[in-house]
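Before any comments, here is the structure.
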Amino acid sequence: MHVSSEELRCAMEVRAARRHATQTEKPAPQSSSNGRAGSLLKAINASTAKMWGSNEEREGFKRKVDAMTFMHGEPSVFYTLTPYSEGSIAVAFWSGYDLPNGRPQNLVSCTTFNMPGSAQMKKFTMRNTVLQALYYRISRKILIDGLFGWDSTANKPKAEPGIFGFVEALFYALEQQGRLRVHIHGVLWVAGLPKSKSDWEELLSDDGMRARFEEYCASISVAELPVFSSVEVIQCPAEDCTGYLQPIPINVKYNIG
């Protein structure tokens, strides 16, 4: 099958116009090509869809999220996880290299006195990308299984709620930044929370509820997790964590029906 450069250019322009029409909810333009260029582009898409970080992979993620939104409503929470392996004492200990002030017998005994400098940590992580991947996997499990209360192995909510309540559904996409640092963006649907803009507007029309919700948002809009002394706080469910979070001011419950 021979495809000229002109046919390929026209097919790519039609594709871009159709994508723009879909985003702006306008009628899609009709293609005037003979279909050979379109078939070639489909073959390219089929192969690049499996390529990490490609536009085709992102489009596939978008379709999955759109389908889940039609099924569950608007997501309740958007989150980003970027494990900072270069600043982790656990990564420094697992690297196997000598540490400042001697090497402790176990990770629990490690303190900031054993933490190498930033330049040395960069060398540790660049030399061992598998260690970075291990740290990412552990961090992801703590976030999703520990904090969110989602069983990532069985792909269902756990018997006990997470920090937001029971999670109906969860989705995330994996990508890598510069410096080979892996991170994820994701959304989750919390049972009992509003699933549309009109539902949120109705809920927040009550002045008392709006005040409580604004107070809740202010409590999490910080760089570090806050620690409270109030009796109305929830202890972080992660093992060995002494942090506390304010509960979400909406009575969430696991009730899909």
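The values are calculated or read from the model by the stated rules, or taken from the named source; none is laboratory data. Keep in mind it's a predicted model, so treat the numbers as computed, not measured. Reconstructed Cβ throughout: ideal geometry from the backbone, glycine too, with neighbour counts over all protein chains shown.
Go over the candidates L193, L204, L188 one by one and state the one that is free of Cβ contacts under 8 Å to residues at least 24 places away in the same chain and either closer than 25 Å to I144 by Cα or not hydroxyl-bearing (S, T, Y) (or both).
The conditions single out L204.
Quick one: which of S205, S118, S152, S109 is within 20 Å of the chain's Cα centre (by Cα), assigned by TED's automatic domain parsing to the domain that holds T80 and among the polar types (S, T, N, Q)?
Result of the check over S205, S118, S152, S109: S152.
Which of the residues belonging to segment 12-44 are part of a loop (DSSP other than H, G, I, E, B), modelled with pLDDT of 75 or more and more than 24 Å from H2 (Cα to Cα)?
Of everything in segment 12-44, those that are part of a loop (DSSP other than H, G, I, E, B), modelled with pLDDT of 75 or more and more than 24 Å from H2 (Cα to Cα) turn out to be K26, P27.
When you go through (1) closer than 28 Å to L188 by Cβ; (2) without any contact (Cβ under 8 Å) to a residue 12 or more places away in the chain; (3) over 21 Å from the mean Cα position of the chain (by Cα) one by one for K42, which number turns out not to apply?
Against the list (1) closer than 28 Å to L188 by Cβ; (2) without any contact (Cβ under 8 Å) to a residue 12 or more places away in the chain; (3) over 21 Å from the mean Cα position of the chain (by Cα), K42 comes up short only on (1).
Within the bounds of segment 86-97, is there any residue that is modelled with pLDDT of 80 or more, under 30 Å from F164 (Cβ atoms), assigned by TED's automatic domain parsing to the domain that holds H183 and in contact with a Lys or Arg (Cβ under 7 Å, 6 or more places away or on another chain)?
Yes: one or more hits.
Do we find a residue being hydroxyl-bearing (S, T, Y) and farther than 30 Å from A67 by Cβ anywhere in segment 166-174?
No, the conditions are met nowhere in segment 166-174.
For segment 123-139, give me each residue that is buried (at least 20 other Cβ atoms within 10 Å of the Cβ) and either within 15 Å of the chain's Cα centre (by Cα) or in contact (Cβ under 8 Å) with a residue 60 or more places away in the chain (or both).
Y136, S139
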